[in-house]
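Heads up: the structure comes next, in structure tokens.
No value in this document is a laboratory result; all are computed from the given coordinates. Please read these numbers as outputs of a predicted model, since none were measured by experiment. Using ideal geometry, Cβ is built from the backbone for each residue, glycine included, and neighbour counts are taken over all protein chains shown.
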């Protein structure tokens, strides 16, 4: 078998090599002229390494927009998967490169590839790129995509303390009380002790009494007397007062003059 960079390879062929090819290296480094020369000489743009990484993965992960364009125009497979199942769009979102994301989407990249791992939206939330998150939402990203390790994109945004990303997801209709092993985004916000996240999640209906698989409420993950703990104390006391008021109103409405506890 000839080298992936040799003239005997077809640009659209799939090859399997343990090491990165010159095309991989040029794409990774953003060497546009070198990449163009390799393509023109017949190098395979879909050559894969032992972990199934293509040159398009390399360029996308490093935000090399011009290289991404060159590879796609030369026949690179836009939804190729690496050994982890990630597509170039996942990698572009991980890099936070909105330009690469736009190029990949314009070439037909699936915003909701059938993955069992992190989706492009997960990756955008992980990298903390509100621009990528907004664009993915606009083109129909699944807000409730579930990853066995991370949960939903909202879980990821809160675990990484990316407030802007979390707000965009919630405004788009993400389920604030979606659970991963009964753990909600509010549990994550409590664990990282982020008051702004806690307030945002409660504003959108986060359940302060939700219990995870250990039977713990979000407030159980805060330090006593910390700003986050005080925040939860306020919401819990407010909730109790509201319940009492509703109960007393019901009693009054029914005409009951005396209530014994």
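Tell me the label-point distance for the pair residue 40, residue 73, using the 7 Å Cα-to-Cβ offset, in nm and rounded to one decimal.
1.2 nm
Which ordering of 164, 212, 51 is given by a fewest-first count of other beta-carbon atoms within 10 Å?
51, 164, 212
Quick one: Debye curve from the C-alpha atoms of segment 137-205, no solvent, what's log10 I(q)/I(0) at q = 0.12, 0.13, 0.22 Å⁻¹?
One equal scatterer on each Cα of segment 137-205 leads to -0.25, -0.29, -0.86.
Pop a pseudo-label 7 angstrom from the Cα along the beta-carbon direction at both residue 223 and residue 66 and give the gap in nm to one decimal.
4.9 nm
Label points 7 Å out from Cα along the Cβ direction at residue 32 and residue 234: separation in nm?
Inter-label distance under the simple model: 5.1 nm.
Taking neighbour Cβ counts within 10 Å as the exposure measure, how do 58, 25, 144, 203 sort from fewest upward?
Going from sparsest to densest Cβ surroundings: 203, 144, 25, 58.
With a Förster radius of 22 Å, plug the Cβ-Cβ distance of residue 51 and residue 196 into 1/(1 + (r/R0)^6) and report the FRET value to the nearest 0.05.
0.05
What is the Rg over Rh value, at two decimals, for segment 62-110, using alpha-carbon atoms and the Kirkwood definition of Rh?
With Rg and the Kirkwood Rh in hand, the quotient comes to 0.92.
If I stretch the segment between residue 171 and residue 148 completely, what's the gain in nm (0.36 nm per residue apart, minus their alpha carbon distance), one decimal?
5.9 nm
Take the alpha-carbon centre of segment 87-127, take the same for segment 187-229, and report the distance between them in whole Å.
Between the Cα centres of segment 87-127 and segment 187-229 lies a distance of 30 Å.
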